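J.: Can you keep this structure in mind? I'll have questions shortly.
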Amino acid sequence: MSEAFGSEPFWVVALKATLIFVILVVYTLFNIWFERRVVARMQHRVGPNVHGPFGLLQSLADGVKLALKEDLIVKAADKIVYVLAPILATIPAFLAWAVMPFGPEVRIPFTDTVTPLQLTDMPVAVLYVLAVTSIGVYGIVLAGWSSGSTYALLGGLRSSAQVISYEVAMGLSFVTVFLYAGTMSTSEIVAAQADLWYFVPLLPSFVVYVIAMVGETNRAPFDLPEAEGELVGGFHTEYSSLKFALFFLAEYINMVTVSALATTLFLGGWRAPFGLAQVWESANSGYWPVLWFLGKTLGFIFVFIWLRGTLPRMRYDQFMAFGWKILIPVSLAWIFVVIVLRKAVLDGSVDASVVDWAGVAVALALLAVIALRRNKPTPPRPDPATGSAADGYPVPLRYEEKEEVA
């Protein structure tokens with residue numbers, strides 16, 4: 001961890017904080033356009049292509065439109081909490097980026113000041129990110145409660161249960177990274193991946209984290225707090241204008257946050273892709289690492305979009321069971337395996353490559369369990385005469401079965 005953190009001039013800290021804010025806002029506008037274009041191509045449509053070159057200004061036009069729309073507050077709302085909820089959901093999304101490393105130490109142009117491309121760092125930086133992002137769910141819960149709407153309240157309750165469930169699995173996936181790196185500092189974790197990125201030896205943790213981060217950000221197929229078919233939009237049903245735009249902004253920044261955390265912990269952070277540093281000496285110096293860092297996060301954003309355009313929404317009971325009965329037990333078992341193998345490697349009784357192969361084996365087993373659960377046989381359809389399945393429990397009838405009974 002650099003000694004510059006905590007001792008830099010105020011103008012350097014203010015400059016880096018401003019640049020992080022600008023990068024996140026511009027990146028969010030780009031990601032919204034990127035998602036609409038990618039989904040359009042998946043559905044054989046064109047997507048935004050009118051405002052600006054390639055439609056790049058469409059997101060900005062939508063943001064201005066939302067800000068200028070009439071701001072409504074429903075009559076049954078608790079007005080103070082109703083207004084504060086979107087602010088509480090948005091601010092933590094920005095705060096999490098205080099410890100994200102964008103690159104190594106560089107010289108600020110037109111000055112002699114050398115500073116790390118990171119606002120600050122601390123010995124428990126990863127825990128700080130978990131703590132800050134957990135606060136954002138309070139904004140969602142309070143938005144659902146303060147709206148005075150049944151559907152919004154159900155969306156807020158779903159979100160709280162969802163975040164609690166999948167944040168446990170997410171936190172457990174970090175434990176093995178801490179065991180390997182010997183630290184919780186984000187900059188030191190990136191430095192520890194100079195020779196080998198952690199997604200290779202810790203593949204099961206990487207798979208669990210990728211699944212958990214989709215659930216943590218309420219994205220499809222885990223967007224149950226916003227299920228339009230059940231909750232008419234969920235927790236933000238009663239929001240409009242700028243307050244709705246803040247929820248929209250928080251969701252997309254949270255997507256980038258979890259993507260940046262995955263990049264930092266498992267994909268070498270700002271380090272250049274495999275092999276590039278060997279043929280280009282300056283790949284990991286100067287401002288080039290910022291490009292590698294943002295490129296890796298964009299890869300995760302594409303995964304978010306790919307899942308949204310491919311998978312249908314899960315049932316809520318399936319979603320909760322998947323987190324508690326599969327992800328958490330697998331994470332606990334994998335932590336035990338890593339502790340035993342890591343101790344054996346340090347003692348010299350086991351070669352380090354054994355840990356890599358163990359990670360691949362556990363990851364394949366996890367994917368096999370997920371595939372088997374998806375291919376479970378469907379339960380028997382009900383008897384049209386009685387409306388009950390073979391086990392005696394009443395279940396709804398299909399439309400054609402209702403016609404037969406009539």
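J.: Just checking: which of the helices (runs of 4 or more DSSP H) contained wholly in the stretch 228-290 hold 3 or more residues that are crowded, with 23+ Cβ neighbours inside 10 Å and of a type in the set (S, T, N, Q)?
T.: Ranges flagged: 241-266.
J.: Please enumerate the residues belonging to the stretch 205-221 that are of a type in the set (A, V, I, L, M, F, W, C), open to solvent by 10 Å² or more (accessible area, probe 1.4 Å) and farther than 17 Å from Glu35 by Cα.
T.: Listed by number, the residues that qualify are Phe206, Val207, Val210, Ile211.
J.: Being β-branched (Val, Ile, Thr), surrounded by fewer than 22 Cβ atoms within 10 Å (Cβ to Cβ) and out of contact with any Cys (no Cβ under 6 Å at 6 or more places or on another chain) is the requirement here; does Val129 meet it?
T.: no
J.: Looking only at residues in the stretch 146-155 that are touching a Gly at 6+ places or on another chain (Cβ under 6 Å) and modelled with pLDDT of 85 or more, which one is nearest to Phe244 (Cα to Cα)?
T.: Among residues in the stretch 146-155 that are touching a Gly at 6+ places or on another chain (Cβ under 6 Å) and modelled with pLDDT of 85 or more, the one nearest to Phe244 (Cα to Cα) is Ala152.
J.: So if I check each of Val175, Val190, which one is modelled with pLDDT of 85 or more, open to solvent by 20 Å² or more (accessible area, probe 1.4 Å), under 21 Å from Ala131 (Cβ atoms) and in contact with a helix residue (DSSP H, G or I) (Cβ under 8 Å, 6 or more places away or on another chain)?
T.: The unique qualifying residue is Val175.
J.: Would you confirm whether or not the stretch 36-58 contains a residue that is basic (Lys, Arg) and touching a strand residue (DSSP E or B) at 6+ places or on another chain (Cβ under 9 Å)?
T.: no
Residues checked against (1) out of contact with any helix residue (DSSP H, G or I) (no Cβ under 6 Å at 6 or more places or on another chain); (2) open to solvent by 30 Å² or more (accessible area, probe 1.4 Å); (3) not β-branched (Val, Ile, Thr):
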{"residue": "Ser7", "(1), (2), (3)": "yes, yes, yes"}
{"residue": "Phe34", "(1), (2), (3)": "yes, yes, yes"}
{"residue": "Met42", "(1), (2), (3)": "no, yes, yes"}
{"residue": "Arg45", "(1), (2), (3)": "yes, yes, yes"}
{"residue": "Asp71", "(1), (2), (3)": "no, yes, yes"}
{"residue": "Ala77", "(1), (2), (3)": "no, no, yes"}
{"residue": "Val81", "(1), (2), (3)": "no, yes, no"}
{"residue": "Ala85", "(1), (2), (3)": "no, no, yes"}
{"residue": "Ile91", "(1), (2), (3)": "yes, yes, no"}
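J.: Give me the residue from the stretch 226-248 that is of a type outside the set (S, T, N, Q) and touching a Phe, Trp or Tyr at 6+ places or on another chain (Cβ under 6 Å) and, out of that set, nearest to Ala143 (Cα to Cα).
T.: Of everything passing the filter in the stretch 226-248, His236 is nearest to Ala143 (Cα to Cα).
J.: Give the residue, chosen from Gly233, Gly229, Gly215, that is out of contact with any strand residue (DSSP E or B) (no Cβ under 6 Å at 6 or more places or on another chain), of a type outside the set (Ser, Thr, Tyr) and at positive phi.
T.: Result: Gly233 is the single residue among Gly233, Gly229, Gly215 that is out of contact with any strand residue (DSSP E or B) (no Cβ under 6 Å at 6 or more places or on another chain), of a type outside the set (Ser, Thr, Tyr) and at positive phi.
J.: Also, I was wondering about something else. Kindly indicate whether any position in the stretch 76-94 is at negative phi and touching a strand residue (DSSP E or B) at 6+ places or on another chain (Cβ under 7 Å).
T.: No, the stretch 76-94 contains no residue that is at negative phi and touching a strand residue (DSSP E or B) at 6+ places or on another chain (Cβ under 7 Å).
J.: Here is a list of conditions, (1) touching a Pro at 6+ places or on another chain (Cβ under 9 Å); (2) closer than 22 Å to Tyr209 by Cα; (3) open to solvent by 10 Å² or more (accessible area, probe 1.4 Å), and Leu298 meets all of them except one; can you say which number that is?
T.: Of (1) touching a Pro at 6+ places or on another chain (Cβ under 9 Å); (2) closer than 22 Å to Tyr209 by Cα; (3) open to solvent by 10 Å² or more (accessible area, probe 1.4 Å), only one is false for Leu298: (1).
The values are calculated or read from the model by the stated rules, or taken from the named source; none is laboratory data. Bear in mind the structure is a predicted one, so any value in this text is a computation, not a measurement. Note that each Cβ is placed from the backbone with ideal geometry, even for glycine, and that neighbours are counted across all protein chains shown. Areas reflect the complete protein model, heavy atoms only, side chains present, ligands, DNA and RNA absent. Shrake-Rupley method; radii C 1.70, N 1.55, O 1.52, S 1.80 Å.
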